[in-house]
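Notes for the one structure printed next.
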Amino acid sequence: MLDRFFSRGRARAAARRLAGSPTAANYAALAQIHAASGQLKEVIKVCEEGLRLFPDDCSLERLKDRATTITREDRVRDLQREIKRSPRPALWKELCSELLSAGHLTRAEKIAEQWYLCLQDIEALYYRASIRTERYFVDRRRDDARIALDFLSSCTGEGADTERVLRLSLSIYSKCGAWSEARTALARLLELSPGDPALEARFRTVAAMAEGGKSLDQALREVERTGKFVDDDVEFAQADSSTSIRPLLSELASQDGVNGAFYVRGGTALVQGPRGASAERYARGVRELVTSTRSFARRLGLGRPLEISLEGDFGSLSIRPGTLGAAAVWRAGPPSPHGDRALAELVGHDSRSTGGAG
């Protein structure tokens, strides 16, 4: 009781300081007081308000992410207990959605499989397809895409949402460049929504690319070999993430002992430190290291590499591959925990800015 009383007093004092001086530090201080008293919804609320004013503040983002994670884990445990008592489709669906939102693909897949075995629900098949699609978008393994498409082809019958199934299939075809299959999916979508101007425009574009294009198997193999989707470079050129990545990259490059900091995605690279031909050569080396490591991991079925580290006479090179791109730092000495955190922030910031997965 005393703890709650003093916590409320500290929260009121922190709220007054925030009202007098609405800084990112004061938002974080109020959020931390709420976190200490277990008021996680208030933590999320305060952090979201602060992030609207200070969208690049790392401390507010971390506090919000941590509170969201704990809240989600509590809800997952509640759902698991409720499912044991009364396994209903709505509970299974929410549990899968929570795990998917958290990026726990393996757990979500096991839950969706149990759901289907328990109830033979078409919705469970769709979730199994969604999870495999997410795995494919992360790991680029053609087997995941094939399994997702097999699940989708089984999502037929009473209660099936044909449009949703077609749109998920289309997302796979469009990412890997299987334009003939994409054209077929779009034609069926137009049958469901005749006259839709967006679908018609996309159909015309895809129909032109489908002539003489790759087969589905060829497209999937090409993505698995290169680790690149057909729109990776286009996404990077169009996204505004580079404007928010540059300051973080500059800050990392300014640290003591850092010879260079890099961010690469597709054929584009941001470099701080080396200049001219050296910058291009180093960026190309980082890109090739990431591509070959991802390719090797895919061939062995190891999933997505999370960290790459090299040490030698040159110093150390630490690379953090993300869902969309990769960040790297070259140091004169050994790796630094602070530098590793900065790399994680670079990759995480990019994913948030572009709406990606990791």
(request) Answer yes or no as to whether Leu79 is of a type in the set (A, V, I, L, M), surrounded by 13 or more Cβ atoms within 10 Å (Cβ to Cβ), touching a helix residue (DSSP H, G or I) at 6+ places or on another chain (Cβ under 8 Å) and closer than 20 Å to Thr23 by Cβ. (result) no
(message) Checking the structure you have, find out if any residue of the stretch 175-190 is touching a helix residue (DSSP H, G or I) at 6+ places or on another chain (Cβ under 8 Å), part of a helix (DSSP H, G or I), among the β-branched types (Val, Ile, Thr) and under 22 Å from Asp231 (Cα atoms).
(response) no
(request) Residue by residue through the stretch 92-108, note down the ones that are hydrophobic (A, V, I, L, M, F, W, C) and surrounded by fewer than 17 Cβ atoms within 10 Å (Cβ to Cβ). (result) Ala102
(message) I'd like to check something: does the stretch 146-166 contain any residue that is outside any helix (DSSP H, G or I) and polar (S, T, N, Q)?
(response) yes
(message) Checking the conditions here, which among Ala332, Ala279, Ala239, Ala357 is touching a strand residue (DSSP E or B) at 6+ places or on another chain (Cβ under 7 Å), surrounded by fewer than 19 Cβ atoms within 10 Å (Cβ to Cβ) and modelled with pLDDT under 85?
(response) Ala279
(message) Which count do you get for residues in the stretch 207-229 that are at pLDDT below 85 and either more than 21 Å from Val347 (Cβ to Cβ) or not basic (Lys, Arg) (or both)?
(response) 5
(message) Looking at the structure I just gave you, is Leu63 without any contact (Cβ under 8 Å) to a residue 60 or more places away in the chain and open to solvent by less than 30 Å² (accessible area, probe 1.4 Å)?
(response) no
(request) Only residues that are closer than 20 Å to Glu251 by Cβ and of a type outside the set (Val, Ile, Thr): list them for the stretch 20-60, please. (result) Ala24, Ala25, Ala28, Leu51, Phe54, Pro55, Asp56, Asp57, Cys58, Ser59, Leu60
(request) Check Leu270, Leu248, Leu252, Leu289 and return the single one that is modelled with pLDDT under 80, aliphatic (A, V, I, L, M) and closer than 30 Å to Gly103 by Cα. (result) Leu248
(message) Given the options Ile147, Ile131, name the one that is touching a helix residue (DSSP H, G or I) at 6+ places or on another chain (Cβ under 6 Å), without any contact (Cβ under 8 Å) to a residue 24 or more places away in the chain and among the β-branched types (Val, Ile, Thr).
(response) Ile147
(request) With respect to Ile111, determine if the residue is in a helix (DSSP H, G or I), open to solvent by less than 60 Å² (accessible area, probe 1.4 Å), farther than 30 Å from Gly38 by Cβ and among the β-branched types (Val, Ile, Thr). (result) no
(request) Working only within the stretch 54-98, note down all residues that are over 30 Å from Asn26 (Cβ atoms) and acidic (Asp, Glu). (result) Asp78, Glu82, Glu94, Glu98
(message) Looking at the stretch 194-227 only, could you name the residues that are open to solvent by less than 90 Å² (accessible area, probe 1.4 Å), of a type outside the set (Gly, Ala, Ser) and under 23 Å from Arg265 (Cα atoms)?
(response) Leu220, Glu222, Val223, Glu224, Thr226
(request) Go through (1) over 24 Å from Ser101 (Cα atoms); (2) at pLDDT below 85; (3) within 21 Å of the chain's Cα centre (by Cα) and name the single condition Ser318 misses. (result) (2)
(request) Just give me the residues in the stretch 34-52 being among the aliphatic types (A, V, I, L, M) and surrounded by 22 or more Cβ atoms within 10 Å (Cβ to Cβ), in sequence order. (result) Val43, Val46
(request) Among the candidates Ser309, Ser295, Ser316, single out the residue that is among the polar types (S, T, N, Q) and in a helix (DSSP H, G or I). (result) Ser295
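The values are calculated or read from the model by the stated rules, or taken from the named source; none is laboratory data. Please read these numbers as outputs of a predicted model, since none were measured by experiment. Note that each Cβ is placed from the backbone with ideal geometry, even for glycine, and that neighbours are counted across all protein chains shown. Surface accessibility is based on the protein's heavy atoms, side chains included, excluding ligands, DNA and RNA. Shrake-Rupley method; radii C 1.70, N 1.55, O 1.52, S 1.80 Å.
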